[in-house]
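Working notes for the structure below.
Since every read-out is calculated from the coordinates, none of them should be taken as a lab result. Just so you know, these numbers come straight off a predicted model, no measurement behind them. Here the Cβ positions follow ideal geometry from the backbone for every residue, glycine too, while neighbour counts run over all protein chains shown.
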Amino acid sequence: MYIGVTSNLVARIYQHKNNFAEGFTQKHQIHNLVYFEVHDRIEDAIAREKALKFWKRAWKIRLIEENNSEWDDLYDGIA
């Protein structure tokens, strides 16, 4: 799983899907967007990102499955 913050979700996911973003997602071939949140203020988004990064993996899985039980790739719906 990868958690991150961006001001342009569509562009960022495109970068990940096409391996333009070096690092964790490229190394682990993470290409599907299965969950996202929208925040009005970048400070709120960053605080939420930091909180989620401390969550146990099981909690993150539950959050995803409560919103996207099939783990569908949400990219096409927002692109």
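Would you calculate the separation in nanometres between label points at PHE24 and ALA58, each defined as 7 Å from the Cα along the Cα-to-beta-carbon direction?
Those two pseudo-labels are separated by 2.1 nm.
Taking the structure as given and computing log10 I(q)/I(0) by the Debye sum over Cα atoms at q = 0.22, 0.24 Å⁻¹, which label from [x] -1.24, -1.42; [y] -0.92, -1.01; [z] -1.06, -1.14 fits?
Read-out taken from this structure: [x].
Go ahead and estimate [θ] at 222 nm for the chain from helices alone: -39,500 (n - 2.57) per DSSP H run with n ≥ 4, summed, over the residue count, rounded to 500.
Here the helix-only value at 222 nm equals -14000 deg cm²/dmol.
Which whole-number percent is the relative contact order of the chain (Cα, under 8 Å, 6+ apart)?
Computed over the chain, the figure is 37 percent.
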